[in-house]
Amino acid sequence: MIKLSDFSSFFVANWKLNGNFQFIDEFINNLMLPKDPSKCVVICPTAIHLDYISKNKNGFYVGAQNVSEHEEGAYTGEISVDSLSDLNVNFCIIGHSERRQIFKEKNEEINLKSERLIDNGLIPIICIGETLEQKEKGITKKVLEEQLMNSVPSSSNFENTIIAYEPVWAIGTGLTPTIEDIDETHRYIREHNEKLNKYKILYGGSVKASNAKEITGLPNVDGALIGGASLKPQEFSVILAD
Ligand code: 13P
């Protein structure tokens, strides 16, 4: 199992439903990894490409974008945690807002999936975040608290789980909260409950080469979860650069 405390920061590429074999070859050829070994780089391709990228990886870890809460059995179309382990997958994004909104995933399901991963030595990256409507109503902290309370399993701790804060309105829009707002929200997550104090907390939502250093340099931000910019190897390399 990966020892999270060995790393100072995490840079997780969420490729969503993008990429093919040719793209992966080109991406790996053009990727420049950071020299600093305390920076952990994780690439999360589609489930179909996990095996290929796992066999071709060099200097980064591999993550999945989802897993079944069931161990095995009659669950057509699902992917088990055992299959992920077979492919040397060490991380898994869980409860991304696209899964919460489009696929109607609930906190309870996210909790079970995270627990399944932890039980099998994989690291869940549990996503939380408010929608624009919730932000405008001024209920961001209440929403985050509810997501944290219900989606983080009791077996979770700072050594086996990562939290990712992704404001839904910032995903793929080019909009980001102010630097002060990111810092304040991350501090809130860290301090809202003693248990989360030592967790690694990543920021996601329109992270790009031009804003990554400022965001990930914040004291309460331990790295980034990156969508669009992680599909461009040159730009992703700038985000990773020491
Ligand atoms: P963008 O970086 O494209 O805004 O996506 C963020 C995201 O959803 C990462 O999980």
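The values are calculated or read from the model by the stated rules, or taken from the named source; none is laboratory data. Note that the coordinates shown come from a computational prediction; the quantities given were computed from them, not determined experimentally. For neighbour counting, all protein chains shown are included, and Cβ atoms are generated from backbone atoms with ideal geometry for every residue, glycine included. Heads up: the accessible areas ignore ligands, DNA and RNA and are worked out on the full protein's heavy atoms, side chains in. Shrake-Rupley method; radii C 1.70, N 1.55, O 1.52, S 1.80 Å.
Report yes if some residue within segment 53-74 is within 24 Å of G228 (Cα to Cα), out of contact with any Asp or Glu (no Cβ under 9 Å at 6 or more places or on another chain), surrounded by 14 or more Cβ atoms within 10 Å (Cβ to Cβ) and among the basic types (K, R); otherwise report no.
yes
Could you list, in sequence order, the residues of segment 79-116 that are aliphatic (A, V, I, L, M) and within 27 Å of S206 (Cα to Cα)? Before the answer, list the steps.
We begin by selecting, within segment 79-116, every residue aliphatic (A, V, I, L, M); these are 79, 81, 84, 87, 89, 93-94, 102, 110, 112.
V89, I93, I94, I102, I110, listed by residue number.
Residues are listed down the side, and each one gets a yes or a no for (1) under 25 Å from K213 (Cβ atoms); (2) under 14 Å from the mean Cα position of the chain (by Cα); (3) touching a residue at least 40 places away in the same chain (Cβ under 8 Å); (4) outside any helix (DSSP H, G or I):
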| residue | (1), (2), (3), (4) |
| --- | --- |
| N18 | yes, no, yes, yes |
| I24 | no, no, no, no |
| M32 | yes, no, yes, yes |
| V67 | no, yes, yes, yes |
| A74 | no, no, no, yes |
| E98 | no, yes, yes, no |
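Okay, residues lined up against (1) under 24 Å from I79 (Cα atoms); (2) assigned to a helix (DSSP H, G or I):
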residue	(1), (2)
L117	yes, yes
E130	no, no
K135	no, yes
S156	yes, no
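Name every residue in segment 193-242 that is touching a residue at least 60 places away in the same chain (Cβ under 8 Å), closer than 14 Å to E166 by Cα and aliphatic (A, V, I, L, M), in order of residue number.
Those that are touching a residue at least 60 places away in the same chain (Cβ under 8 Å), closer than 14 Å to E166 by Cα and aliphatic (A, V, I, L, M): L202, A224, L225, I226.
Answer yes if at least one residue in segment 141-154 is outside any helix (DSSP H, G or I), within 23 Å of Y61 (Cβ to Cβ) and touching a residue at least 12 places away in the same chain (Cβ under 8 Å), and no otherwise.
Our first condition is that a residue be outside any helix (DSSP H, G or I); within segment 141-154, this holds for 152-154.
Those left that are additionally within 23 Å of Y61 (Cβ to Cβ): 152-153.
When the remaining residues are screened for being touching a residue at least 12 places away in the same chain (Cβ under 8 Å), the result is 152-153.
Scanning segment 141-154, I find at least one residue that is outside any helix (DSSP H, G or I), within 23 Å of Y61 (Cβ to Cβ) and touching a residue at least 12 places away in the same chain (Cβ under 8 Å), so the answer is yes.
With the requirement that a residue be more than 10 Å from the ligand (Cβ to nearest atom) and within 25 Å of F91 (Cα to Cα), what does segment 193-210 give you? Don't jump to the end; show me each part of the working.
To start, the set of residues in segment 193-210 that are more than 10 Å from the ligand (Cβ to nearest atom) comprises 193-201, 209-210.
Residues satisfying the conditions are N193, E194, K195, L196, N197, K198, Y199, K200, I201, A209.
I2 passes all but one of (1) open to solvent by 40 Å² or more (accessible area, probe 1.4 Å); (2) in a loop (DSSP other than H, G, I, E, B); which number fails?
Among (1) open to solvent by 40 Å² or more (accessible area, probe 1.4 Å); (2) in a loop (DSSP other than H, G, I, E, B), I2 violates only (1).
Out of Q134, Q101, Q147, report the one residue that is within 16 Å of the ligand (Cβ to nearest atom), modelled with pLDDT of 95 or more, under 23 Å from L175 (Cβ atoms) and open to solvent by 40 Å² or more (accessible area, probe 1.4 Å). Step through it out loud before you land on a result.
Working: Q134 fails: within 16 Å of the ligand (Cβ to nearest atom); Q147 fails: open to solvent by 40 Å² or more (accessible area, probe 1.4 Å).
Being within 16 Å of the ligand (Cβ to nearest atom), modelled with pLDDT of 95 or more, under 23 Å from L175 (Cβ atoms) and open to solvent by 40 Å² or more (accessible area, probe 1.4 Å) holds for just one of Q134, Q101, Q147, which is Q101.
Checking E26 against (1) within 16 Å of the ligand (Cβ to nearest atom); (2) open to solvent by 10 Å² or more (accessible area, probe 1.4 Å); (3) in contact with a helix residue (DSSP H, G or I) (Cβ under 8 Å, 6 or more places away or on another chain), only one condition comes out false. Which one?
(1)
Looking at G227, is it on the phi > 0 side of the Ramachandran plot, surrounded by 17 or more Cβ atoms within 10 Å (Cβ to Cβ) and modelled with pLDDT of 95 or more?
Details: on the phi > 0 side of the Ramachandran plot: no; surrounded by 17 or more Cβ atoms within 10 Å (Cβ to Cβ): yes; modelled with pLDDT of 95 or more: yes.
Spelling it out, it is not the case that G227 is on the phi > 0 side of the Ramachandran plot, surrounded by 17 or more Cβ atoms within 10 Å (Cβ to Cβ) and modelled with pLDDT of 95 or more.
Which of the residues spanning segment 150-175 are surrounded by fewer than 18 Cβ atoms within 10 Å (Cβ to Cβ) and within 13 Å of the ligand (Cβ to nearest atom)?
Narrowing segment 150-175 to residues surrounded by fewer than 18 Cβ atoms within 10 Å (Cβ to Cβ): 150, 154-155, 157-159, 172-175.
Passing the criteria: G172, T173, G174, L175.
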